[in-house]
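The values are calculated or read from the model by the stated rules, or taken from the named source; none is laboratory data. If you're wondering where the values come from, they're calculated on a predicted model, not measured in any experiment. Neighbour counts run over all protein chains shown; Cβ positions are idealised from the backbone, glycine included.
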């Protein structure tokens, strides 16, 4: 068994959530690392789609931006950005959307827009990009984020993309037929929504992590599922493939 | 047929103070050389539209060219913040910047509606989110057939589109390949356009029957600027300089280092410097 870092088990646990027959709309950063790790391990036939229009792309190194040439060169085909959002995302072709965020609440709503008041922000964040419609149009949503009390906030400063809204049947009341966030994978554990309240609830804890640590890194009173499991440890192969991917990427981006 | 101009002539002729300008390029083909010429010619009070403002709009905003930004994702991709954009929004430096913020889906749809000559774009979006509360130009419309509530945003109809492309031929037709983004839509949606290209060829030669081509009669001005998208990229010509994108974070973080970089690399340079950037990046 290999030693591993918290962000490595986070990426690996996120990768495992993807299935070989998924069509996945991939966000940049950690979602991209997890999605490509899945493709390079247990899900070789997964279809990865980036919002730059690249369909079924198989990058050898992780892209720094959502539109690196590597994505286009290794894709089955590349559409216009208009077509990507209209036909492929809005048309309901994605089984999973994979997102990260700056701030999340207990119903897995995400904020990537501002800290503070929108009109007089303390910190102006990049904004939503594709996320508002990814969150509503994909069959289900996986979210990957490192935990901290500030990032896992009791109340969001701004709702950039909808998770389960106010909880319960809020999505259905707005006419959404998609599931919304079904997994939130962190560096400490995995959350899944409670079947009724839709509050994100810890379902699996990474090896060696305590419930106290999770509580300390969550800005709301965190709930744990009745039957908790331990996240299976990363295998030597998962660790090796992930590290190799990051090393290739660092060399390609000149940051090695 | 478009006019073949120098970059200085094209910007002089097409871009006026107070214009609404869209310099597009979805990571690929961002028209840096043309944007730098706009900075050198000191255009003011521009409304800048772009899905992903990228470093180019950070530079235009920091140099005081813009009074408003219409956008959907304002970061340095994979790196972090656009510090000049943040300084303008958070502190009003060098001047206050109004923002009109959308999602990518809305922006892409708005360009398509502009190209299609429609007044607005209709799509399924902004469900359960707060942007409609802070952007009065996001409205809703009821489908007359099903009763479904759909989002509506005004079409983008810029005064000027500025894009980079791979090639033009002698008749002024323009060829685009790779991640083509919204390049075609923004040119067709705009009143005037400038297209910078890597090269001008006699004939495009063998190509896919479905290659993206803007016929010459849809384009305003064509300017040959080899390397004109650097540090963005041109598929088949040069790669994105990801190292420069990473280093921009440090350059743009402070006003002084930003201004010094702009003076040395933009104000005191011309479009010919872009070919050198590409040669240097290739050698590295």
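Below is a table of values for the structure above.
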read-out	value
Search result, residues across the range A:241-256 that are more than 14 Å from chain B (Cβ to nearest Cβ) and exposed (fewer than 13 other Cβ atoms within 10 Å of the Cβ)	A:244, A:247
Breaking point among (1) within 16 Å of residue A:133 (Cβ to Cβ); (2) at pLDDT 95 or above, for residue A:66	(2)
Residue B:222 being under 19 Å from residue B:10 (Cα atoms), more than 20 Å from the chain's Cα centre (by Cα) and either within 13 Å of another protein chain (Cβ to nearest Cβ) or surrounded by 14 or more Cβ atoms within 10 Å (Cβ to Cβ) (or both)	no
Matching strands (runs of 3 or more DSSP E) fully within the range A:99-212 where at least 2 residues are touching a residue at least 12 places away in the same chain (Cβ under 8 Å) and within 14 Å of chain B (Cβ to nearest Cβ)	A:114-116
Residue within the range B:167-174 that is crowded, with 24+ Cβ neighbours inside 10 Å, within 26 Å of residue A:55 (Cα to Cα) and in contact with a strand residue (DSSP E or B) (Cβ under 7 Å, 6 or more places away or on another chain) present	yes
Subset of the range B:247-283 (residues that are more than 21 Å from residue B:8 (Cβ to Cβ), modelled with pLDDT under 95 and surrounded by 15 or more Cβ atoms within 10 Å (Cβ to Cβ))	B:281
Matching residues in the range A:216-228 - criterion: being surrounded by fewer than 19 Cβ atoms within 10 Å (Cβ to Cβ) and within 16 Å of residue A:107 (Cα to Cα)	A:219, A:220, A:221, A:223, A:224, A:225
Matching option when the condition is in contact with a strand residue (DSSP E or B) (Cβ under 7 Å, 6 or more places away or on another chain), closer than 18 Å to residue B:22 by Cα, free of Cβ contacts under 8 Å to residues at least 60 places away in the same chain and in a strand (DSSP E or B), among B:195, B:153	B:153
Helices (runs of 4 or more DSSP H) completely within the range B:19-118 that count 3 or more residues being more than 17 Å from the chain's Cα centre (by Cα)	B:83-91
Conditions (1) out of contact with any strand residue (DSSP E or B) (no Cβ under 9 Å at 6 or more places or on another chain); (2) at the interface with chain A (Cβ under 10 Å from one of its Cβ atoms); (3) assigned to a loop (DSSP other than H, G, I, E, B): number failed by residue B:144	(2)
Residue ID - surrounded by the fewest Cβ atoms within 10 Å (Cβ to Cβ), chosen from residues in the range B:86-108 that are over 19 Å from residue A:160 (Cα atoms) and touching a helix residue (DSSP H, G or I) at 6+ places or on another chain (Cβ under 8 Å)	B:96
